[in-house]
1. Return a yes/no flag: does segment 140-149 have any residue that is in the same structural domain as Lys26 (by TED's automatic domain parsing) and either at pLDDT below 65 or of a type in the set (Val, Ile, Thr) (or both).
2. Can you list the helices (runs of 4 or more DSSP H) found entirely within segment 1-108 that contain at least 1 residues being hydroxyl-bearing (Ser, Thr, Tyr)?
3. Give Tyr49, Tyr43, Tyr24 a once-over and let me know the one that is out of contact with any strand residue (DSSP E or B) (no Cβ under 8 Å at 6 or more places or on another chain), at pLDDT below 90 and either under 21 Å from Leu83 (Cα atoms) or surrounded by 10 or more Cβ atoms within 10 Å (Cβ to Cβ) (or both).
Amino acid sequence: MVEITKESFSEVYDIMAHLEKRLYEKIPRNFIEIIEKNRDERYIPNIDYSISINDQQISKGARGILAIIYRDYICSEEKKAELLRKDQIELQRIEEENRKKYEVDNLFNKRKQDIIEKTEIEEPKISNNLLMKVEKQNIFTKIIKFIKKIFIKTN
């Protein structure tokens, strides 16, 4: 997720101020007002207009806002449809990655693996020049052993 800061809005505002009039007029007034209202008036963007915007060192937030402006207000309908298709494909790819990453079965398998790793016996450790086995146990293992001890004593 891209973070949009007041500096991002300032960069976009500065770039919009340098747009050709015909392009600037394509952007709705209420959108321009949002940019103006959310910018940091004290921040002075360092943008060199002698080179392409793509070659500038501007924030990711500013790039995202500029992409939205281009897609929604400036480009042709054919280009807009193509960009929307690409956005949809990218969103589907991200959703698929997240679905695999946070799949319920995988979450439980990871948890089981973590429990198994925690209960495994560690390497012997040296303490006062003696070798000792240190067994790590989770709370469930300790409870089960405690219950077993109680039953063994009562029998």
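1. Residues of segment 140-149 that are in the same structural domain as Lys26 (by TED's automatic domain parsing), as a first pass: none.
No, segment 140-149 has no match at all.
2. Numbers: elements: 6-17, 21-24, 29-38, 60-69, 77-101.
The helices (runs of 4 or more DSSP H) meeting that bar are 6-17, 21-24.
3. Numbers: Tyr43 fails: at pLDDT below 90; Tyr24 fails: at pLDDT below 90.
Unique residue meeting the criteria: Tyr49.
The values are calculated or read from the model by the stated rules, or taken from the named source; none is laboratory data. Predicted model only: the values in this text are computed from it and were never measured. Cβ: placed from backbone, ideal geometry, glycine included. Neighbour counts: every protein chain shown.
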